[in-house]
Amino acid sequence: KVTEDVIDEFEKYLKVSKGSLEIIFRHLRIIFEYFRKMRIIDFNPVPRKQSVEKKINVISREEMDLILKLLKKHNENQYKTIKLLIMTGLRVSELIRLEFEDIDFKRNIIYIKNNKGKRIDQFPLYRELRLFLEIEWKELNGKVCPYKTKEALSFFRHFLKRNNFRHYSIHEIRKTFLSR
């Protein structure tokens, strides 16, 4: 009973990005292909969606240095949060959950709660990162980041706009870290 019209309605109902749509339809195709192979249906009604290639915006070192310099003057917590994202490439959700008890200063490892993969990842506490933490934080206990939600980091977007920088998302800091 799944027709092209039903698929179109479902697509409109989802209201997601093209990338997410492609992933959802890929999984639906797998399910319906199973139904077809089991002879439950005659054909797979779910069309293939073209994968969308996203351009990765890498923030230049010069621009990032200027952003950090201005952030440090503007707000210490915002500066530390963005600098920590730059130095680690963490997802915002990982940074928000990070506590100092997750950092093993003896073994030089940061244990990161990765909810996306439902696991705990290990990240090296390299010398420059360790010094940054020891110098910038007065106490090395409790939460590392003072923000509780992803939405609280919208300050970054406002800061960029107010200071006439090109628009970058918080996630593009992660992509910049990974690209470098």
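The values are calculated or read from the model by the stated rules, or taken from the named source; none is laboratory data. As the structure is a prediction and not an experimental result, all values here were calculated from the model. When we count neighbours, we look across all protein chains shown, and the Cβ atoms used for this are built from the backbone with ideal geometry, even at glycine. To get the accessible areas, we keep the full protein, side chains included, count just its heavy atoms, and leave off ligands, DNA and RNA. Shrake-Rupley method; radii C 1.70, N 1.55, O 1.52, S 1.80 Å.
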Nearest 10 degrees is fine. How inclined is helix 127-136 to the longest principal axis of the chain, computing both from alpha carbons? 70 degrees
Magnitude of the Cβ-charge dipole of the chain, K/R +1 and D/E -1, about the Cα centre, nearest 20 debye? 120 debye
Taking amide H positions as placed in the peptide plane 1.01 Å from N, state which residues far from residue 99 in sequence (5 or more) or on other chains have amide H under 5 Å from it. 144
For the stretch 144-150, Karplus couplings with θ = phi - 60° (6.51, -1.76, 1.60), whole Hz, Gly/Pro x: 6, 9, x, 9, 9, 9, 4
For q = 0.13, 0.22 Å⁻¹, what log10 I(q)/I(0) does the stretch 42-180 give under the Debye formula with an equal point scatterer on each alpha carbon and no solvent? -0.61, -1.55
Distance in nm between pseudo-label sites at residue 121 and residue 106 (7 Å out along the Cβ direction from Cα): 2.6 nm
For the chain, what's the relative contact order in percent, using C-alpha pairs closer than 8 Å and at least 6 residues apart? 22 percent
For the stretch 1-92, which chymotrypsin sites (Phe, Trp or Tyr not before Pro) are in a loop by DSSP, counting at most 16 other Cβ atoms within 10 Å? 43
In degrees from 0 to 90, rounded to the nearest 10, what is the angle of the helix 18-37 Cα long axis to the longest principal axis of the chain? 40 degrees
Solvent accessible area, Å² - residue 2, 1.4 Å probe, full protein context: 50 Å²
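Give, in nm to one decimal, the length gained when the segment between residue 73 and residue 38 is fully stretched (0.36 nm per residue of separation minus the Cα-Cα distance).
Values: separation 35, 0.36 × 35 = 12.60 nm, distance 6.42 nm.
Between residue 73 and residue 38, full extension yields an extra 6.2 nm.
Would you tally the net charge around residue 94, using a Cβ to Cβ cut-off of less than 12 Å, leaving residue 94 out, and scoring K and R as +1, D and E as -1? Write down the numbers at each step before the final one.
Working: positive: 91, 97, 113, 116, 119, 150, 174; negative: 99, 102, 121.
Once positives and negatives cancel, what remains is +4.
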All alpha-carbon distances of the stretch 65-145, grouped into 10 Å bins from 0, give the whole-percent distribution 17, 54, 25, 4
Angle check, please: helix 61-74 long axis (alpha carbons) against the longest principal axis of the chain (alpha carbons), in degrees 0 to 90, nearest 10. 60 degrees
